[in-house]
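Novice: I have a structure I would like to understand better, so I am pasting it below and will then ask my questions one at a time.
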Amino acid sequence: MGVKAESESFYAGGIIFDKLTASQVLSDSPVYAIAQDYYGYMWFGTRGGVYRYDGVKIIEFRDISNSTIWAICEDSQGSLWVGMEYGLNRFHRQTETSVSYLHNPADPNSISDNFTWAIYEDSQSTLWIGTENGLNTFNHETGAFTSYLHDDADPNSISGSAIHTIYEDGRHPLGGDKGRHQLHRCR
């Protein structure tokens, strides 16, 4: 369902802001995740839904999610990844279908936890997923996850379980519940 955008503009600190009016407000506000895709669409994650804004109207994509949205990321293959309080979904825009990824204790190649805080694709097209219990990478060819977990007995493991943010500045720093981590690729 689309809602036509009506906005009012205001100027602050050298920036023009367009404020969406009451008829534009997302039904599940507040917004916890924002991403802009290759086509320029803005995607918003809320308590129970994902919304796309094209500059004119907002369209709700409730089928993508089943809980609070904490992260949204478009990968280099054009898929939209949605990190939720209960799982990780990969949305294929061409078919408007999604695939869910959940932790399975019996499968070492599943994601390490269902609570997904952060998603980031680095400059080498590696998809990183930060969860409440560890850091994961996703292999596009096999569909398998590799998990990096905290281990009290291993001083070389990540220092905490929850990974809240992931970004790249050439050294892959991460933000977690026990501070900042830094990853270095082995050559």
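Novice: Under 7 Å between Cβ atoms, at least 6 apart or on separate chains: pull out the pairs that start in the stretch 81-106 with a residue that is in a strand (DSSP E or B) and end on any residue that is crowded, with 16+ Cβ neighbours inside 10 Å and among the acidic types (D, E).
Specialist: W81/D75
Novice: While we're here: Kindly establish whether S76 is in a loop (DSSP other than H, G, I, E, B), out of contact with any strand residue (DSSP E or B) (no Cβ under 7 Å at 6 or more places or on another chain) and closer than 23 Å to Y167 by Cα.
Specialist: Details: in a loop (DSSP other than H, G, I, E, B): yes; out of contact with any strand residue (DSSP E or B) (no Cβ under 7 Å at 6 or more places or on another chain): no; closer than 23 Å to Y167 by Cα: yes.
So S76 fails the test.
Novice: Hey, could you check the stretch 110-124 for residues that are assigned to a loop (DSSP other than H, G, I, E, B) and within 18 Å of Y86 (Cα to Cα) and say which is nearest to the chain's Cα centre (by Cα)?
Specialist: My answer is F115.
Read-outs throughout are calculated quantities, based only on the coordinates presented, and are distinct from any laboratory measurement. None of the values given here were measured: they were computed from a predicted structure. Here Cβ is always computed from backbone atoms with ideal geometry, including for glycine, and neighbour counts include all displayed protein chains.
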